[in-house]
Ligand code: SF4
């Protein structure tokens with residue numbers, strides 16, 4: 001029995017945990033004491049995060065649709081990859097852009113290499129099943145107004161802010177961990193106000209010109225459905241002139257499981273909306289896969305070393321806890337195999353090598369590596385749109 005460090009990805013808070021494993025199965029979970037956000041706690045979902053075995057839905061071998069239109073197990077990965085490349089070529093000859101369906105649980109390394117495969121090898125579009133519409137819209141609105149497709153500040157600002165505004169009380173449902181920070185802020189004397197919408201938020205901010213720092217938190221699932229609403233929140237935050245200062249920040253929180261922030265960072269921003277995919281990737285079977293021409297199994301997040309990005313841009317490394325089923329690869333490695341079969345000289349052998357390339361290519365990730373993420377509790381990707389005490 002051993003405990004291995006990891007990251008809970010059931011919401012965007014990014015709490016750290018230890019999973020107890022016998023090498024084959026995960027048998028328990030414990031919180032990580034020193035983590036600056038979760039501080040030795042997990043919420044009720046986090047405590048159950050190891051109970052995710054779903055053997056009936058697990059995919060363990062590639063499936064290929066035959067000429068009669070029936071999905072059948074492929075005789076080998078080689079046959080399934082050849083079949084995929086043939087179908088992609090046929091679609092492109094007909095002027096159809098092939099679609100790839102992938103789950104929101106992909107790691108940063110998986111998402112980066114899948115995006116590269118789709119763009120540079122297959123000429124395909126990637127659709128993410130489970131990408132949260134409210135979070136996606138929130139990040140686009142923040143990008144339009146503040147120039148950053150992510151939170152301003154770190155969740156630790158909630159421990160230092162003089163004034164904390166929470167849009168509606170959904171926070172307690174989505175992240176009891178962040179709600180705990182809000183309660184502690186009130187105890188240490190910060191002004192904490194729950195507001196129900198934009199007019200109330202504007203009123204509160206008008207009353208607080210003298211506050212040295214202001215943090216605003218909202219659950220994107222609820223407020224991000226209308227991009228206009230988040231634009232208004234971002235404009236109000238910007239007018240305080242405090243964004244970027246110590247103790248200040250603007251925090252949209254992803255409520256839906258998965259690597260929501262990381263996949264948006266990797267450029268995978270299209271939600272699945274019923275397009276027939278030529279290729280579907282997944283660890284677990286979903287009804288949306290049914291129409292795909294080729295289906296590949298991939299490793300679960302606990303079965304491969306990989307990084308994930310929380311809603312405050314903290315990038316954290318999560319080592320493999322257990323082995324995947326025989327023959328099942330992490331999505332990034334599968335993408336590299338498909339690219340090689342298509343004649344590309346991709347030479348990725350380790351997830352760290354994929355991360356090194358994405359750190360060169362993805363804005364904000366420059367300077368990060370698996371080695372830097374392994375020290376402490378990860379690192380935040382950087383943005384330059386806001387400088388301390390300035391509005392962009
Ligand atoms: S708050 Fe979110 S990240 Fe933290 S333990 Fe709960 S579900 Fe997991």
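Descriptive notes on the structure:
- Using only the C-alpha atoms, the convex hull of the stretch 2-54 corresponds to 68 Å³ per residue.
- Nearest-ten-degree value, helix 331-341 long axis tilted from longest Cα axis of the chain: 40 degrees
- Compared with the alpha-carbon gap, the fully stretched path from residue 270 to residue 341 is longer by 22.9 nm at 0.36 nm per residue.
- Exposure proxy order (Cβ contacts within 10 Å, fewest to most) of 309, 286, 384: 384, 286, 309
- Largest GNM mean-square fluctuation among 56, 204, 349, using the chain with Cα springs under 10 Å: 56.
- Where only DSSP H runs of four or more residues are counted, the chain gives -8500 deg cm²/dmol as its mean residue ellipticity at 222 nm, each run worth -39500 (n - 2.57).
- Using alpha carbons only: equivalent-ellipsoid semi-axes of the chain, gyration tensor based, whole Å: 38, 23, 18
- When the Gaussian network model of the chain links Cα atoms closer than 10 Å, the mean-square fluctuations of 88, 315, 126 top out at 88.
- Among 175, 49, 82, 307, a tally of other beta-carbon atoms within 10 Å of each Cβ gives an order, fewest to most, of 82, 49, 307, 175.
- Only beta bridges with both residues in the chain are counted; by DSSP, about 45 percent of them are antiparallel.
- Paramagnetic label zone (point 7 Å from Cα along Cα-to-C-beta, residue 27; backbone N under 20 Å) in the stretch 1-16: 1-6
- Residues 188, 245, 65, 45, ranked from the fewest to the most other C-beta atoms within 10 Å, line up as 188, 45, 65, 245.
- Spatial extent of the stretch 133-253: Rg and Dmax, with the Cα atoms as the point set, Å: 12.7, 35
- Most mobile of 265, 159, 203 in a GNM of the chain (Cα contacts under 10 Å): 203
FYI, it's all coordinate maths here, none of it is from the lab. All figures in this text were calculated on a predicted structure; none of them were measured in a lab. Using ideal geometry, Cβ is built from the backbone for each residue, glycine included, and neighbour counts are taken over all protein chains shown.
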